[in-house]
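Enquirer: Here it is, the structure, as structure tokens.
The values are calculated or read from the model by the stated rules, or taken from the named source; none is laboratory data. Remember, it's a predicted structure, so these values are computed and weren't measured experimentally. Note that we place each Cβ from the backbone using ideal geometry, even for glycine, and neighbour counts take in every protein chain shown. Note: areas computed on protein heavy atoms with side chains; ligands, DNA, RNA excluded. Shrake-Rupley method; radii C 1.70, N 1.55, O 1.52, S 1.80 Å.
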Amino acid sequence: MTHPSGPEPRAGRTDPHLSAIMSERRQLTNLAYRLLGSLADAEDVVQETYARWYAMSPQQQEAIDAPGAWLTTVASRICLDLLASARARRERYVGKWIPEPLPDRTEWISGRPGAGIVDPADRVTLDESVNMAFLVVLEAMTPAERVAFILHDVFRYSFPEVAEIVGRSPAACRQLASSARRRLRAPQPDAGSAARHADVVRAFKQAWEAKDIAALIGLLAPDATATGDGGGLVTAALHPVEGAEQVARFFADRPGAAPGMTLVERTVNGRPGLVAQLDGVTVSVMAFDVTGDRIHHIWAVLNPEKLRSWATGSRTR
């Protein structure tokens, strides 16, 4: 599906709602990414949402008092359907499935063939609701829990509004959001300074490049885990590596500093992370869950289909 610069009204017809519906585009992209954990899928949802708008007659469009609310409802319902089918697809996924990583907003490139720099209206706002640890917890929720929680707790829709979108009663939506919050009671990523987080990631990078197992162990929490996502397209561990020493040895044995391979400090889902580039091409993106001065989890996305929004040959920091 080609990602356009924006929806176009039918030829010869002036769309009185065009400004209103275009102003919702970023909101829809933000919502769909948080619901699906995939930028590519979020783009498709936004495209499909606008396609449904323009499939209506002028009279049907005129009858909609709040086009923005209509678009949000349609996008949310498409996401709900996709989440239901995604569970079955991910059971067949080779290895662990990790949400698609987001680069810093200044470095986005569209994953669509032949596309250029992404329109600013498509960018996902980077905040704590898109950090990798948060998105991974969302994956444990049922589709209905995830939609109710994201709409209410992240986007601040009222429960009556959520009920209209998901087709359940306000009381049922309140229960769904409450159940989702219980899943989030596990320790969350350290909300400390990005500078401290970056220092830990930089130290990890240096220890990895030096293959210094002792230094790596010192940076990892005793129960640290590392999870890779190759999707069966590239080599990656099929199961998480657990324990500080095991994780340290796993990385020390990997060619992080092999000829042609460069480790770059980059922002990943709004937090300091690392990108591995081979001859300037991104081959892996790593997100880190850091608490205090220790790394508790590393997520490494190697599946090339999830790296299309990452720039080629980006600058080193």
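Enquirer: Please specify each residue of region 211-222 satisfying the condition of being part of a helix (DSSP H, G or I) and open to solvent by 70 Å² or more (accessible area, probe 1.4 Å).
Expert: Ala214 - this is the single residue of region 211-222 that is part of a helix (DSSP H, G or I) and open to solvent by 70 Å² or more (accessible area, probe 1.4 Å).
Enquirer: May I pose another question? Being in contact (Cβ under 8 Å) with a residue 12 or more places away in the chain and within 30 Å of Val285 (Cα to Cα) is true for just one of Pro58, Pro101. Which residue is that?
Expert: Going through Pro58, Pro101 in turn, the sole match is Pro101.
Enquirer: Do we find a residue being among the aromatic types (Phe, Trp, Tyr), farther than 23 Å from Arg87 by Cβ, open to solvent by 30 Å² or more (accessible area, probe 1.4 Å) and modelled with pLDDT of 75 or more anywhere in region 158-169?
Expert: no
Enquirer: Got a sec? Which of Tyr33, Tyr93, Tyr50 is outside any helix (DSSP H, G or I), among the aromatic types (Phe, Trp, Tyr) and either open to solvent by less than 50 Å² (accessible area, probe 1.4 Å) or in contact with a strand residue (DSSP E or B) (Cβ under 9 Å, 6 or more places away or on another chain) (or both)?
Expert: It is Tyr93.
Enquirer: Just give me the residues in region 217-240 being of a type in the set (A, V, I, L, M, F, W, C) and within 27 Å of the chain's Cα centre (by Cα), in sequence order.
Expert: Listed by number, the residues that qualify are Leu219, Leu220, Ala221, Ala224, Ala226, Leu233, Val234, Ala236, Ala237, Leu238.
Enquirer: Identify, from the list Ala194, Ala186, Ala177, the residue that is of a type in the set (Gly, Ala, Ser) and modelled with pLDDT of 90 or more.
Expert: Answer to the check: Ala177.
Enquirer: Could we say that Thr225 is closer than 16 Å to Leu307 by Cα, assigned to a strand (DSSP E or B) and polar (S, T, N, Q) here?
Expert: Spelling it out, it is not the case that Thr225 is closer than 16 Å to Leu307 by Cα, assigned to a strand (DSSP E or B) and polar (S, T, N, Q).
Enquirer: A further question on this structure: Quick check on region 61-78: of everything there that is more than 25 Å from Ala144 (Cβ to Cβ) and not in a loop (DSSP other than H, G, I, E, B), which residue is most open to solvent (accessible area, probe 1.4 Å)?
Expert: Ranking the qualifying residues of region 61-78, first place goes to Glu62.
Enquirer: Can I ask one more? Filter region 269-285 down to the residues that are of a type in the set (Ser, Thr, Tyr) and within 15 Å of Arg254 (Cβ to Cβ) and list them by number.
Expert: Ser284
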